[in-house]
Structures are given as structure tokens and as C-alpha cells.
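A.B. asks: Here you go, one structure.
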Amino acid sequence: MPATRTVRVDEKGRILIPKELREKAGIKESAQVELEEGRIVIKADSLLDNLARHPVGFTTKELAKLRKMAFDQGLKEVRKSLEKRQ
């Protein structure tokens, strides 16, 4: 699957995110959408959110995914800080 996909906005202003991308990103009905200048940011409920609500019962695979997500989120925060400084 390509890293970048193009989707169309329909006549009612809706954007359909393909199911495979929603599942891969963990995007559910409750996902938050932020509108920034020139960008749309969708915040999926992540395993980190789930862990905060239910801290027990995660599998080893889920915990590994949590570690990766925490690392990726850290990188995003660093990039965001650097962009603000420019």
C-alpha cells in the first residue's frame, strides 16, 4: 500500500477513508479531527488511550505496539516543535 493516498471529497463535503487505512490506523467512529492551516489531522483512539482507561490485560504484541506508538508520537511532537520554530 502506498504511503500517500488521494481520496475525493463528495458533494456533501465528506471524505471517505478506506477501511484498510482506518483499521491500520485504529480510526474509529470516535476519532477526533483537527483542522489546521492547510492540513486535516485525525486523532485515532490508540492503544495508549485504551491503556489509560484499562491498564491491565494487554498481550505482549499489544504492549510492543504501545512502545512503537509512544516512540512515533514522540517523534511527531519533536517535528511539531521544530516546525513552530521555523
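The values are calculated or read from the model by the stated rules, or taken from the named source; none is laboratory data. For clarity, every value in this text was computed on a predicted model and none was experimentally measured. All Cβ positions, glycine included, derive from the backbone under ideal geometry; neighbour counts span all protein chains shown.
A.B. asks: When you scan the stretch 34-55, do you find a residue that is at pLDDT 75 or above and among the polar types (S, T, N, Q), even just one?
C.D. replies: Looking through the stretch 34-55, none of the residues is at pLDDT 75 or above and among the polar types (S, T, N, Q).
A.B. asks: Every residue in the stretch 1-19 that is surrounded by 10 or more Cβ atoms within 10 Å (Cβ to Cβ) and modelled with pLDDT under 85, please. Walk me through how you get there before you give the answer.
C.D. replies: Just the residues of the stretch 1-19 that are surrounded by 10 or more Cβ atoms within 10 Å (Cβ to Cβ), to begin with: 5, 7, 15-18.
Within the stretch 1-19, 5 is the sole residue that qualifies.
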